[in-house]
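Presented below is the structure to which this report refers.
The values are calculated or read from the model by the stated rules, or taken from the named source; none is laboratory data. Predicted model, so just to flag it, every value in this text is computed and none were measured. Counting neighbours? That spans all protein chains shown, and the Cβs are built from the backbone with ideal geometry, glycine included.
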Amino acid sequence: MRARNGAAGRPHFGPMPSLEREIADFDADVLRRSQTRLVLAEYWAPWCAAGRRLHPALEHVAARFHGRVELVSVNIEMHAQLREVQQVHGLPLVKAYYRGLALGELGGVVPERDIVAWVDGLFEAAREAGLPPPPAPGGP
């Protein structure tokens, strides 16, 4: 499938991250949501083939954690101001936010098992830092 991205005029091939998860407002969609769960912000662009390869693994990982992890998409062409503010220097990039804090980042295409290990490590680091854990499945 080939489509054009009107904003950049670059060709786009293949599926893109779901627009249902595309943020409208960073504070509301990432920082506020991170008060009750770990939010993985997937920084991507329609022309980035590596981001399209990484996206399905991120979706599987978010589903695996049953509501304790939420995946949101940040198209840096739609939200160019966030590129500098959030220090996005390469794509794809995933940043983890919890309780309004950026806990870590993961760059490039990474196997799903490594993403799971990274998320497990983030939960452990948050615990060691004294942050309350996200609610168990079925919680808020």
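Structure values in brief
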| quantity | calculated |
| --- | --- |
| Pair list, Cβ < 7 Å and 6+ apart or interchain, from segment 98-122 residues that are without any contact (Cβ under 8 Å) to a residue 40 or more places away in the chain to residues that are hydroxyl-bearing (Ser, Thr, Tyr) and surrounded by fewer than 16 Cβ atoms within 10 Å (Cβ to Cβ) | none |
| Hey, Leu122 out of contact with any His (no Cβ under 6 Å at 6 or more places or on another chain), closer than 16 Å to Ser34 by Cβ and assigned to a helix (DSSP H, G or I) or not | yes |
| Residues of segment 106-115 satisfying the condition of being closer than 23 Å to His89 by Cα and either out of contact with any Phe, Trp or Tyr (no Cβ under 9 Å at 6 or more places or on another chain) or of a type in the set (Val, Ile, Thr) (or both) | Gly107, Gly108, Val109, Val110, Pro111, Glu112, Asp114, Ile115 |
| Filtered residues of segment 32-64 (kept if among the hydrophobic types (A, V, I, L, M, F, W, C), touching a strand residue (DSSP E or B) at 6+ places or on another chain (Cβ under 8 Å) and part of a helix (DSSP H, G or I)) | Ala49, Leu54, Leu58, Val61, Ala62 |
| Residue that is farthest from Asp29 (Cα to Cα), among those in segment 79-102 that are hydrophobic (A, V, I, L, M, F, W, C) and surrounded by fewer than 20 Cβ atoms within 10 Å (Cβ to Cβ) | Leu91 |
| Total residues in segment 79-90, condition in contact (Cβ under 8 Å) with a residue 40 or more places away in the chain and not in a helix (DSSP H, G or I) | 3 |
| Hey, Leu54 hydrophobic (A, V, I, L, M, F, W, C) and either in contact with an Asp or Glu (Cβ under 6 Å, 6 or more places away or on another chain) or surrounded by 22 or more Cβ atoms within 10 Å (Cβ to Cβ) (or both) or not | yes |
| Any pair with Cβ under 9 angstrom, 6 or more apart, that starts in segment 62-78 at a residue that is touching a residue at least 40 places away in the same chain (Cβ under 8 Å) and surrounded by fewer than 16 Cβ atoms within 10 Å (Cβ to Cβ) and ends at one that is in a helix (DSSP H, G or I) and not acidic (Asp, Glu) | Arg64/Val116; Arg64/Val119 |
| Identity of the residue in segment 1-31, in a loop (DSSP other than H, G, I, E, B) and surrounded by 17 or more Cβ atoms within 10 Å (Cβ to Cβ), that ends up modelled with the highest pLDDT | Ile23 |
| Within segment 26-51, considering residues that are of a type in the set (A, V, I, L, M, F, W, C) and in contact with an Asp or Glu (Cβ under 8 Å, 6 or more places away or on another chain), the one farthest from Glu77 (Cα to Cα) | Leu38 |
